[in-house]
Amino acid sequence: MTKVNVKDIDWNNLGFEYMDLPYRFTSHFKNGEWQDAGLVEDSTLHISEASPVLHYGQAVFEGMKAYRTPEDKVQLFRPDQNAARMKKSCERLLMPAFPEDQFVEAVKSVVKANIDFVPPYGTGATLYLRPLMIGTGSTIGVHPADEYIFTIFAMPVGNYFKGGLSPVNFITSDYDRAAHRGTGQSKVGGNYAASLLPGDEAHKQGFADCVYLDPVEHRKIEEVGSANFFGITKNNIFRTPKSPSILPSITKYSLLWLAENRLGLKAEEADVFVDQLDDYKEAGACGTAAVISPIGGLQHNGKLHVFYSETEVGPITSKLFETLTGIQFGTVEAPEGWVQTVE
Ligand SMILES: Cc1ncc(COP(=O)(O)O)c(C=O)c1O
């Protein structure tokens, strides 16, 4: 792997591509404890061919970003929430969670070590961080691993909507992403392997991604590709699906709070029925990657339902996007505890 040179980066034209940055954090779980924690330069993992991650998918991960503010400070957005979610994902796959307080410190150490790679304020670009834990060692049977690697690597990523926020269309999928009592609430690798085919079929039909419906009756919206769904009802309720098989999005919970406390809307987690889309005047997909992708139209049973517009973004969606990105980049006052400066 060739290390990337910061001078070669065009901050305004970054996509979402892996880059081999100078440093990543790693720690190894052996003999019942986490050890050798620290920054390393080597970006290659050396693991046994019998590692449970390779055969049985014992892998959990997170996705989060570091933002540069106009004052040239670098800050993280709710990293404690990523630590808590990773712990829960670990519990679901019988993996030993990396201690939550050390998780946030480790993330900060990676940002600090690669500080020149945090994109300049104003480009909309950010430093994406990928905490990852895999089951290693040589337990070939279907058992939890006895050894694990925890790593956090980073890469600069571009502004998702380079020409400004614009709506995209989605299509409902006949496949299920996860079962109600399965692993949908956990950020585990297998969920994403299962989403590749439905996503590919949606792309081939010209849609940005697919929308999963509830795995029991296929009547309620669950997730939008790898993002959560929200809709604004005609009577100004911010509504987002409540389901045991969707990933609890940190962006979604932040928008729920902001909708209520900064925009004065009623905000709730409740069922969103796919045959009642007329109740909504705006809709969006939310997650760390794009923050909000406004949903222009949703194709279901051969019919495209348009929410606000296929070309323009609704006023409430725009306001939510501006408020949340303002908080992340330090230009809008953050609720207590939402941002942590990297010093
Ligand atoms: C399946 C899935 N749903 C939702 C989200 C959004 O979660 P967050 O807002 O924490 O990034 C993600 C990750 O981005 C995801 O992978």
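If you check L196, L129, which single one turns out to be touching a strand residue (DSSP E or B) at 6+ places or on another chain (Cβ under 8 Å) and within 14 Å of the ligand (Cβ to nearest atom)?
On the way: L196 fails: touching a strand residue (DSSP E or B) at 6+ places or on another chain (Cβ under 8 Å).
Unique residue meeting the criteria: L129.
Got a number for residues in the stretch 112-133 being among the charged types (D, E, K, R) and within 20 Å of the chain's Cα centre (by Cα)? Step through it out loud before you land on a result.
Here is the first cut: in the stretch 112-133, the ones among the charged types (D, E, K, R) are 112, 116, 130.
Now restrict to residues that are within 20 Å of the chain's Cα centre (by Cα): 130.
Count: 1.
What residue, of E343, E322, E336, is under 30 Å from D116 (Cβ atoms), out of contact with any strand residue (DSSP E or B) (no Cβ under 7 Å at 6 or more places or on another chain), away from the ligand (no atom under 15 Å from the Cβ) and at pLDDT 95 or above?
On the way: E343 fails: at pLDDT 95 or above; E336 fails: under 30 Å from D116 (Cβ atoms).
Of E343, E322, E336, the one residue that is under 30 Å from D116 (Cβ atoms), out of contact with any strand residue (DSSP E or B) (no Cβ under 7 Å at 6 or more places or on another chain), away from the ligand (no atom under 15 Å from the Cβ) and at pLDDT 95 or above is E322.
In the set Y212, Y175, which member is of a type in the set (S, T, Y), farther than 30 Å from K319 by Cβ and touching a residue at least 12 places away in the same chain (Cβ under 8 Å)?
The unique qualifying residue is Y175.
Counting only residues that are surrounded by fewer than 19 Cβ atoms within 10 Å (Cβ to Cβ) and either without any contact (Cβ under 8 Å) to a residue 12 or more places away in the chain or within 22 Å of E222 (Cα to Cα) (or both), how many does the stretch 317-336 have?
Residues that pass the stated criteria total 6.
Could you please let me know if R239 is at negative phi, open to solvent by less than 60 Å² (accessible area, probe 1.4 Å), among the basic types (K, R) and more than 16 Å from the ligand (Cβ to nearest atom)? Outline the logic, then answer.
Numbers: at negative phi: yes; open to solvent by less than 60 Å² (accessible area, probe 1.4 Å): yes; among the basic types (K, R): yes; more than 16 Å from the ligand (Cβ to nearest atom): yes.
Yes: the conditions hold for R239.
Checking V142 against (1) open to solvent by less than 20 Å² (accessible area, probe 1.4 Å); (2) in a loop (DSSP other than H, G, I, E, B), which single condition isn't satisfied?
(1)
Which of the residues that make up the stretch 148-166 are crowded, with 19+ Cβ neighbours inside 10 Å, over 19 Å from the mean Cα position of the chain (by Cα) and not hydrophobic (A, V, I, L, M, F, W, C)?
Residue satisfying the conditions is Y148 alone.
Being in contact with a strand residue (DSSP E or B) (Cβ under 7 Å, 6 or more places away or on another chain) and either in a strand (DSSP E or B) or of a type in the set (K, R) (or both) is the filter here, so list the residues in the stretch 145-162 that pass it.
Across the stretch 145-162, the qualifying residues are E147, Y148, I149, F150, T151, I152, F153, A154, M155, P156, V157.
Which ones in the stretch 6-55 are of a type in the set (A, V, I, L, M) and open to solvent by 60 Å² or more (accessible area, probe 1.4 Å)?
Going residue by residue through the stretch 6-55, those that are of a type in the set (A, V, I, L, M) are 6, 9, 14, 19, 21, 37, 39-40, 45, 47, 50, 53-54.
Residues satisfying the conditions are A37, L39, L45, I47, L54.
Test I171 against the criterion of being within 19 Å of K30 (Cβ to Cβ), more than 16 Å from the ligand (Cβ to nearest atom), aliphatic (A, V, I, L, M) and not in a loop (DSSP other than H, G, I, E, B), and give yes or no.
No.
Which ones in the stretch 288-297 are more than 15 Å from the chain's Cα centre (by Cα) and within 15 Å of the ligand (Cβ to nearest atom)?
If the condition is that a residue be more than 15 Å from the chain's Cα centre (by Cα) and within 15 Å of the ligand (Cβ to nearest atom), then I295 is the only one that fits.
Can you tell me which residues in the stretch 213-229 are surrounded by 16 or more Cβ atoms within 10 Å (Cβ to Cβ) and either more than 11 Å from the ligand (Cβ to nearest atom) or not in a strand (DSSP E or B) (or both)?
Within the stretch 213-229, the first condition is being surrounded by 16 or more Cβ atoms within 10 Å (Cβ to Cβ), and the residues that meet it are 213-215, 220-229.
Result: L213, D214, P215, K220, I221, G225, S226.
Cβ-Cβ below 8 Å, separation at least six or inter-chain, first residue in the stretch 290-314 and open to solvent by 60 Å² or more (accessible area, probe 1.4 Å), second acidic (D, E): which pairs?
Once the first residue is open to solvent by 60 Å² or more (accessible area, probe 1.4 Å) and sits in the stretch 290-314, its partners that are acidic (D, E) give Y308/E282.
Taking K88, is it farther than 21 Å from A193 by Cα and in a helix (DSSP H, G or I)? Step through it out loud before you land on a result.
Numbers: farther than 21 Å from A193 by Cα: no; in a helix (DSSP H, G or I): yes.
So K88 does not fit the description; no.
One line per residue, one yes/no per condition, for (1) under 16 Å from S109 (Cβ atoms); (2) within 17 Å of the chain's Cα centre (by Cα); (3) assigned to a helix (DSSP H, G or I):
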position	(1), (2), (3)
Q35	no, no, no
L39	yes, no, no
L45	no, no, no
A50	no, no, no
L76	yes, yes, no
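Determine, yes or no, whether A208 is open to solvent by 10 Å² or more (accessible area, probe 1.4 Å), near the ligand (Cβ under 10 Å from one of its atoms), farther than 21 Å from D278 by Cα and within 20 Å of the chain's Cα centre (by Cα).
When the stated conditions are applied, A208 does not pass them.
For the stretch 255-287, what are the residues that are buried (at least 23 other Cβ atoms within 10 Å of the Cβ) and either within 13 Å of the ligand (Cβ to nearest atom) or in a loop (DSSP other than H, G, I, E, B) (or both)? Steps first, answer last, please.
Initial filter on the stretch 255-287 (buried (at least 23 other Cβ atoms within 10 Å of the Cβ)): 255, 259, 272, 282-286.
Passing the criteria: L255, V272, G284, A285, C286.
Just to check your reading of the model, which residue among A106, A113, A97 is touching a Cys at 6+ places or on another chain (Cβ under 8 Å) and either closer than 23 Å to V6 by Cβ or free of Cβ contacts under 8 Å to residues at least 40 places away in the same chain (or both)?
Working: A106 fails: touching a Cys at 6+ places or on another chain (Cβ under 8 Å); A113 fails: touching a Cys at 6+ places or on another chain (Cβ under 8 Å).
Checking each option against the conditions leaves just A97.
The values are calculated or read from the model by the stated rules, or taken from the named source; none is laboratory data. It should be emphasised that the depicted structure is a prediction, and the values quoted were computed from it without experimental measurement. Virtual Cβ from ideal backbone geometry, glycine too; neighbours counted across all protein chains shown. Only protein heavy atoms, including side chains, enter the accessible area calculation; ligands, DNA and RNA are left aside. Shrake-Rupley method; radii C 1.70, N 1.55, O 1.52, S 1.80 Å.
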